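Beneath this line is the structure, given in structure tokens, with notes to follow.
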Amino acid sequence: MVIPIVPKGVAHVPIPSVDSVEPIVFALQHNLSMLAFTSAIEPLRMANQLTGQTLYSWTTVSETGANVRCSNGIEIGIDSPLGETPPNARIFVCSGVEPELNSGQKTADWIRLQWRTGRTVGGLCTGAYTLARAGILSGRTFTLHWENIPPFRQHFPDLTPVEQLYAIDERIMTCGGGSAATDLFIKLIFERHGGELARAILNMCLHSVQRSETERQQSSTSATLGTRNEKLLSIIHHFETNLEEDIDLDELTDTLGVSRRQIERLFRTHLNTTPRRFLQDLRLYRARILLAETDMPVIDVAVACGYESAGNFSKRFRERFGISPHKFSTGQV
């Protein structure tokens, strides 16, 4: 049973009385991101509080009806197992770490049924894994947490996620998790109840601005590295988009119109490193993600990250992270 939640508060936003409550169903998976879940549900609570009305109701479900633990170890209560939902429900799969292990086929089949019978469905953080298993993402614009995009592409090579805060494609809604869930849900509240309520919720969340759908999840490379040097950023972009290739710095000089000496000077001056070391770090961090989030063999990860031999890859990985790639992928200490 759904219990109406209209907390008391000082701030108030008057809106016309609503004729119907919009039900939101959160399908929670083991190891879900608590930040993504709470960032989605709190704007709904605030909408009810600020208006003094039950604009939204929400329930939690899981495959078996058993409580689930977040990736931070906190247990969340579940209202019911997977089952019937209201015809006007919006249903969001909330996942987190190790989505390949935690996105069960039962939930995927249930999501597909909900979508085929007219519900709006979505994924928070890595919930897109379940939507992909459900077979409803082909030709759609969708997203998931940036860290999980490379392994997602390995699992679903025919699907192409976008690296943006959230995506709305008709009755499929996804977001990258974290505070991006707040942006998505304030967008939904704005569309149904207007700008005054949406702005009030932004203030309640201490969320300084409503970010647009297509904004990037990560800070720009220039902001992260603290440089706006266009030549250096072009080189780094080339590295990031060609990690699996054999990158020859001498060939790169012809492509970008800079000398080998200039390239080395740029990295030394702005990043205090060498181009090869920077490239190696990019490859090793990509490998770490693939080992953590996929079941790819070490040799396949090595090739996908630009290493010609598993031996050389294993040596570099152990030097960087203090553990062999095999032990890291199997969770050994």
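What the table shows:
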quantity	calculated
Count of segment 151-188 residues which are within 16 Å of Val121 (Cα to Cα) and of a type outside the set (Lys, Arg)	15
Segment 72-106 - residue that is within 20 Å of Leu184 (Cβ to Cβ) and among the hydroxyl-bearing types (Ser, Thr, Tyr) and, of those, surrounded by the fewest Cβ atoms within 10 Å (Cβ to Cβ)	Thr85
Matching entry among Gly52, Gly65 (being over 27 Å from Gly195 (Cα atoms), assigned by TED's automatic domain parsing to the domain that holds Glu147 and surrounded by fewer than 19 Cβ atoms within 10 Å (Cβ to Cβ))	Gly65
Selection from segment 266-294 of residues that are surrounded by 13 or more Cβ atoms within 10 Å (Cβ to Cβ) and either free of Cβ contacts under 8 Å to residues at least 12 places away in the same chain or in contact with an Asp or Glu (Cβ under 7 Å, 6 or more places away or on another chain) (or both)	Thr273, Thr274, Pro275, Leu282, Tyr285, Ile289, Glu293, Thr294
Helices (runs of 4 or more DSSP H) wholly inside segment 259-333 containing at least 1 residues that are in contact with a helix residue (DSSP H, G or I) (Cβ under 7 Å, 6 or more places away or on another chain) and more than 25 Å from Asn148 (Cα to Cα)	260-271, 275-293
Which numbered condition Glu245 misses (of (1) at negative phi; (2) free of Cβ contacts under 8 Å to residues at least 24 places away in the same chain; (3) surrounded by fewer than 12 Cβ atoms within 10 Å (Cβ to Cβ))	(2)
Qualifying positions in segment 161-195 - touching a strand residue (DSSP E or B) at 6+ places or on another chain (Cβ under 6 Å), in a helix (DSSP H, G or I) and small (Gly, Ala, Ser)	Ala180, Ala181
Residue in segment 244-258 that is within 30 Å of Ser103 (Cα to Cα), of a type outside the set (Lys, Arg) and outside the structural domain of Ser103 (by TED's automatic domain parsing) present	yes
Residue within segment 298-309 that is at pLDDT 85 or above, touching a Phe, Trp or Tyr at 6+ places or on another chain (Cβ under 6 Å) and of a type in the set (S, T, N, Q) present	no
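A quick yes/no check of all residues on (1) touching a helix residue (DSSP H, G or I) at 6+ places or on another chain (Cβ under 6 Å); (2) touching a residue at least 40 places away in the same chain (Cβ under 8 Å):
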residue: Pro43; (1), (2): yes, yes
residue: Leu55; (1), (2): yes, yes
residue: Thr59; (1), (2): no, yes
residue: Ser62; (1), (2): no, no
residue: Ala66; (1), (2): no, no
residue: Asn72; (1), (2): yes, no
residue: Ile76; (1), (2): no, yes
residue: Gly83; (1), (2): no, no
residue: Asn88; (1), (2): no, yes
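The values are calculated or read from the model by the stated rules, or taken from the named source; none is laboratory data. This is a predicted model, so every value here is computed, not measured. Quick reminder, even Gly has a Cβ in these numbers, built from the backbone with ideal geometry, and neighbours come from all protein chains shown.
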